[in-house]
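Structure, as structure tokens:
The values are calculated or read from the model by the stated rules, or taken from the named source; none is laboratory data. Predicted, not measured: the structure shown is a model, and the values here were computed from it. Here the Cβ is made from the backbone with ideal geometry for all residues, glycine too, and neighbour counts use every protein chain on show.
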Amino acid sequence: MREKTALFLITALTLAALLAVRLLLPFDTFGTVTVIDSNAHRRSADPTALALPARFDLNEATGEQLESVPGIGPALAEAILAHRRTHGAFDHLDRLLDIKGIGPALLDTLYQYCTID
């Protein structure tokens, strides 16, 4: 009886140790990174919630669309619209660098949201 109990405890501890190692290590057996998302329980179960941002044409964008881009508030959205009214349609997204308040980092973000059609 003692041998069975000891064998059971050894097996249980071994499995617990393997599980702990698997949860602590960010790599699986093939060397690829496994991302553990600790906030997954807070997110919506809606599959579209994980979708890429909707892209829009910069030359037809509204202020509301521009404000949906992280880093662009009402003032910067209005500056983009004013630049478009004054200088005409944008021929390339890099022209946004002509607007005060838009630098390389924000331009990289804008590339994810905007197109020039």
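A few notes on this one:
- Wholly within the stretch 1-90, helices (runs of 4 or more DSSP H) carrying at least 3 residues that are closer than 15 Å to residue 113 by Cα, in contact with a helix residue (DSSP H, G or I) (Cβ under 6 Å, 6 or more places away or on another chain) and at pLDDT 65 or above: 63-67
- Every pair of residues 6+ apart whose Cβ atoms lie under 6 Å, when the first sits in the stretch 74-85 and is within 13 Å of residue 102 (Cα to Cα) while the second is of a type in the set (D, E, K, R) and assigned to a helix (DSSP H, G or I): 77/67
- Per-region count, the stretch 91-103, residues touching a strand residue (DSSP E or B) at 6+ places or on another chain (Cβ under 8 Å) and outside any helix (DSSP H, G or I): 0
- The residue that is surrounded by the most Cβ atoms within 10 Å (Cβ to Cβ), counting only those in the stretch 86-117 that are of a type in the set (Ser, Thr, Tyr) and under 25 Å from the mean Cα position of the chain (by Cα), is 113.
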